[in-house]
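I have placed the structure first, in the form of structure tokens, so that the comments after it can refer back to it.
The values are calculated or read from the model by the stated rules, or taken from the named source; none is laboratory data. Not measured: the values here are computed from a predicted model. Counting neighbours? That spans all protein chains shown, and the Cβs are built from the backbone with ideal geometry, glycine included.
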Amino acid sequence: MRHSALPTGGGGAAADTADPAMIQDRFTAMLAGEDAGFAELVRPNRLGRPTAEWAMRIHRNNVLGALRGALAGLYPALLALVGEEAFTELVRAFAAAHPPRDGRLTHYGTEMADFLRDWPAAREMPWLADVAALEEAGFAVFRTVDEPPLDPHTLAGLAEDEAAALRFDFGPHVRLVASSWPVLSLYRFALGRLVLSDSQAQRLLEREGERVLVVRIDDESRFVALEPAVHAFLRSLADGAMLADAISAGLASSGDFSPQLALKFAFDHGIFARCHRRQEAGVPTTSEEGNKT
């Protein structure tokens, strides 16, 4: 006859009378490493083995291992930057603050960047949060649904004032990431895609901040470095500005900014999903009407 280590009917009062919701709460806290009194709800078997503490430790380690595997898959650069031991501590702290809400862990951990910004242990490494944000963006664009990009021919024949008043919607497969740290270089260095000498690696954090276009192309998340002026232009459009105002933002960032090249870059990377023309009473304002022809 097998003897269970879990609470069942017909025995110890604490186990038998415990409220199920309270058991779940204490069990969740136990998995996070807290002493929430879950052990007193576990009745040892007649042989006295395994003890409640021993069984709980095994279960906690199994859960931590699963969460660590999920987060290591989502944040490989973060893992490489902090090392195995520190990453395990990070996973433990993150899991305590953000326990999984779904048995499927494929989407677990997308709050990591915000968590790192507030985690005391990362206070002396503020760039870690931005690296995590970049990796989160890569994951986000990878799992978006397909949406056809805007056909540049839709804009053909527009008068200058009409073009200046255009607004653009970005596709769901696009993100812009800006950091005061060299976030893309850090990401590439961590994954071995940027080879540096020891002296160059030591000075990596001294580089200027970087801006990145994160876009899914051919079912792959790609990270494209952006010049400050191009980023200012795209950021302005993403925030809902008219084309004329976005061009002004680009020119304010750099006098060498070329609106024509910036628009070509955007269309070449399939950034736009729709555009909206100047509002006129009773007239459709989006490019969708033009795309039907």
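Structural remarks
- Among the residues listed as V212, V230, V195, the single one being closer than 21 Å to A140 by Cα and either among the β-branched types (V, I, T) or at pLDDT below 95 (or both): V212
- Remark: R193 falls outside the filter, which requires a residue to be charged (D, E, K, R) and surrounded by 13 or more Cβ atoms within 10 Å (Cβ to Cβ).
- Pair list, Cβ under 9 Å, 6 or more apart: the range 171-194 residue outside the structural domain of H231 (by TED's automatic domain parsing) and on the phi > 0 side of the Ramachandran plot, other residue crowded, with 18+ Cβ neighbours inside 10 Å and among the hydrophobic types (A, V, I, L, M, F, W, C): G192/A80
Yes/no per residue for (1) under 28 Å from D146 (Cβ atoms); (2) crowded, with 20+ Cβ neighbours inside 10 Å:
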{"residue": "I217", "(1), (2)": "yes, no"}
{"residue": "L226", "(1), (2)": "yes, yes"}
{"residue": "V230", "(1), (2)": "yes, yes"}
{"residue": "L237", "(1), (2)": "yes, yes"}
{"residue": "G240", "(1), (2)": "yes, no"}
{"residue": "A246", "(1), (2)": "yes, yes"}
{"residue": "A252", "(1), (2)": "no, no"}
{"residue": "L263", "(1), (2)": "yes, yes"}
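- Pairing each residue of the range 233-252 that is assigned by TED's automatic domain parsing to the domain that holds V212 and under 19 Å from R175 (Cα atoms) with any residue that is among the charged types (D, E, K, R) and part of a helix (DSSP H, G or I), provided the two are 6+ apart or on different chains, yields C-beta distances under 7 Å for S236/D245.
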